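Asker: Here's a structure for you.
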Amino acid sequence: MPSPKYELLPPFFETVLKVKIPAAGTSGKFISDMGLIVHETEEISLPEISKLLPSGIDAISGVLREGNDAEYFANVFTDANESGKWLLVAIENDVTHVMLGYLKEISENGVLSQNGKEIPLRETTRVIVAVGNETLEKKITYPYFMEMFGPIARI
């Protein structure tokens with residue numbers, strides 16, 4: 001049985017599954033929105049969270065511990081996206097401008113550009129970022145970080 005602190009996550013995941021937003025610009029394209037989990041403690045169990053995903057949905061998870069984890073993120077994003085899985089990522093420190101660029105691109109255009117190659121977000125893939133409240137308030141320096149995400153769950 002999952003921890004009681006995660007009881008809000010199944011409806012949150014259902015919302016993330018359904019939400020579509022217009023892509024930036026005038027393409028008329030709708031893209032899947034990213035979700036954000038803000039947790040009160042600095043510890044979160046991605047394996048436990050992944051058990052709460054909607055039926056039939058699998059996830060790849062990863063942890064960004066250092067500011068230079070943008071390449072790692074791009075790699076796990078690509079793996080999740082190629083297999084049509086969700087990506088659960090825990091952020092434990094401030095993020096670099098490259099990482100912010102990746103998140104903004106996914107949020108606004110549904111793509112990740114790396115080394116001149118655009119990787120479009122597949123219809124079945126979602127990106128969920130988990131961050132501790134203290135990390136969000138004291139370590140992440142980008143003032144509009146939360147605005148890159150659609151559904152937000154505070155646990």
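Asker: Just to be sure I understand, how many residues within region 99-137 are closer than 29 Å to G56 by Cβ and not in a strand (DSSP E or B)?
Answerer: 14
Residue by residue, here is whether (1) over 12 Å from the mean Cα position of the chain (by Cα); (2) within 16 Å of F73 (Cβ to Cβ) holds:
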residue	(1), (2)
I91	no, yes
Q114	yes, yes
T125	no, yes
E137	yes, no
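Asker: Yes or no: L100 more than 11 Å from the chain's Cα centre (by Cα) and within 26 Å of K20 (Cα to Cα)? Talk me through it step by step, then tell me what you get.
Answerer: Working: more than 11 Å from the chain's Cα centre (by Cα): yes; within 26 Å of K20 (Cα to Cα): yes.
So L100 passes the test.
Asker: Of the residues that sit in region 103-116 and are modelled with pLDDT under 90 and surrounded by fewer than 17 Cβ atoms within 10 Å (Cβ to Cβ), which one is nearest to K20 (Cα to Cα)?
Answerer: E108
Asker: May I pose another question? Which one of the conditions (1) surrounded by fewer than 18 Cβ atoms within 10 Å (Cβ to Cβ); (2) in contact (Cβ under 8 Å) with a residue 40 or more places away in the chain does P120 fail to meet, given that it meets all the rest?
Answerer: (2)
Asker: Something else about it: In region 57-113, what residues are under 14 Å from T125 (Cα atoms), aliphatic (A, V, I, L, M) and in contact with an Asp or Glu (Cβ under 7 Å, 6 or more places away or on another chain)?
Answerer: Selection gives I60, V111, L112.
Asker: Can you confirm whether G56 is closer than 22 Å to D79 by Cβ and at pLDDT 90 or above?
Answerer: Values: closer than 22 Å to D79 by Cβ: yes; at pLDDT 90 or above: yes.
Spelling it out, G56 is indeed closer than 22 Å to D79 by Cβ and at pLDDT 90 or above.
Asker: Does region 144-153 contain at least one residue that is among the hydroxyl-bearing types (S, T, Y) and crowded, with 19+ Cβ neighbours inside 10 Å? Working first, answer last.
Answerer: Narrowing region 144-153 to residues among the hydroxyl-bearing types (S, T, Y): 144.
Then drop every residue that is not crowded, with 19+ Cβ neighbours inside 10 Å, which leaves none.
No: region 144-153 contains no residue that is among the hydroxyl-bearing types (S, T, Y) and crowded, with 19+ Cβ neighbours inside 10 Å.
Asker: Within region 59-73, take every residue that is of a type in the set (G, A, S) and modelled with pLDDT of 85 or more and give me the one that is nearest to I91 (Cα to Cα). Talk me through it step by step, then tell me what you get.
Answerer: Keep residues of region 59-73 that are of a type in the set (G, A, S), which gives 59, 61-62, 67, 70.
Then drop every residue that is not modelled with pLDDT of 85 or more, which leaves 59, 61-62, 70.
Values: A59: 16, S61: 11, G62: 9, A70: 11 Å.
Only one residue tops the list, namely G62.
Asker: Still on this structure, I have one more. Within the set of pairs 6 or more residues apart or between chains, which connect a residue that is within 13 Å of F12 (Cα to Cα) inside region 144-155 to a residue that is modelled with pLDDT of 90 or more and surrounded by fewer than 18 Cβ atoms within 10 Å (Cβ to Cβ) with Cβ atoms less than 6 Å apart?
Answerer: Listed pairs, sorted by first residue: P151/T15.
Asker: Still on this model: If you check every pair at least six apart or on different chains, which have Cβ atoms under 7 Å apart with a residue in region 85-100 that is surrounded by fewer than 23 Cβ atoms within 10 Å (Cβ to Cβ) first and a residue that is among the acidic types (D, E) second?
Answerer: What qualifies is K85/D58; N93/E66; M99/D69.
Asker: Another question, then. Checking G84 against (1) more than 24 Å from I155 (Cα to Cα); (2) in a helix (DSSP H, G or I): exactly one of these is not met. Which one?
Answerer: All conditions pass for G84, except number (2).
Asker: Right, here's the next one. Taking the conditions exactly as written (outside any loop (DSSP other than H, G, I, E, B), hydroxyl-bearing (S, T, Y), in contact (Cβ under 8 Å) with a residue 12 or more places away in the chain and surrounded by 15 or more Cβ atoms within 10 Å (Cβ to Cβ)), does Y72 satisfy them or not?
Answerer: On the way: outside any loop (DSSP other than H, G, I, E, B): yes; hydroxyl-bearing (S, T, Y): yes; in contact (Cβ under 8 Å) with a residue 12 or more places away in the chain: no; surrounded by 15 or more Cβ atoms within 10 Å (Cβ to Cβ): yes.
Criteria not met by Y72.
The values are calculated or read from the model by the stated rules, or taken from the named source; none is laboratory data. On a predicted model such as this, the values are computed, not experimentally measured, just so you know. Glycine gets a Cβ as well: all are built from the backbone with ideal geometry, and neighbour counts include every protein chain shown.
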